[in-house]
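The values are calculated or read from the model by the stated rules, or taken from the named source; none is laboratory data. Here the structure is a predicted model, which is why all the values come from computation and not from measurement. Here the Cβ positions follow ideal geometry from the backbone for every residue, glycine too, while neighbour counts run over all protein chains shown. Ligands, DNA and RNA are excluded from the accessible area calculation, which covers all protein heavy atoms including side chains. Shrake-Rupley method; radii C 1.70, N 1.55, O 1.52, S 1.80 Å.
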Amino acid sequence: MADLKPGDQAPDFETVNDSEQRVSLRDLRGKRVVLYFYPKDDTPGCTQQACGFRDSYAQIEASNAVVLGVSPDNVKAHQRFKSKYDLPFPLLVDADHKIAEAYGVWREKSMYGRKYMGILRSHFVIDEQGKIADVQYNVKPKDSPVLSIKSLG
């Protein structure tokens, strides 16, 4: 699958969040969405990225945008992570990695010579009409919130 790029229609999805509520991208039309993908709850890089979005959340909301974090973790793991770091935005469950696959971020990775499939840390800024306004693949945890805000203008 080719990487998504600005101007592409953002793939729609439906899943549940950390409160076990249904979330669909289509239901967020009219708002901008910062959709960020991270490998695992409560790990150093993922915590840095999530806390960066937490600390910038008021600025993001002022731009008519919402933040959605996505990982393969389950509801309970998301609840613990969200509570531990006081995250003000929903964390979405992607246990079957279908959302990650649709966005092209479920990829082969390598650690200590071992190859495995996992999330490529990335984010997408989606406009009010559901089109991708900005995409950052393989983004550094500390840069993801900063680049998202820059894209929101």
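Things worth noting here:
- Residue within the stretch 134-142 that is part of a strand (DSSP E or B), of a type outside the set (Phe, Trp, Tyr) and more than 22 Å from Ala50 (Cβ to Cβ) present: no
- Here the stretch 97-114 is the region considered, the condition is being touching a residue at least 12 places away in the same chain (Cβ under 8 Å) and outside any helix (DSSP H, G or I), and the residue that is surrounded by the fewest Cβ atoms within 10 Å (Cβ to Cβ) is Arg107.
- Residues of the stretch 29-43 satisfying the condition of being over 17 Å from Tyr137 (Cα atoms) and either in contact (Cβ under 8 Å) with a residue 60 or more places away in the chain or in contact with a Phe, Trp or Tyr (Cβ under 6 Å, 6 or more places away or on another chain) (or both): Arg29, Gly30, Lys31, Arg32, Asp41, Asp42
- Set Val33, Val66: member being open to solvent by 20 Å² or more (accessible area, probe 1.4 Å), at pLDDT 95 or above and closer than 25 Å to Asp127 by Cβ: Val66
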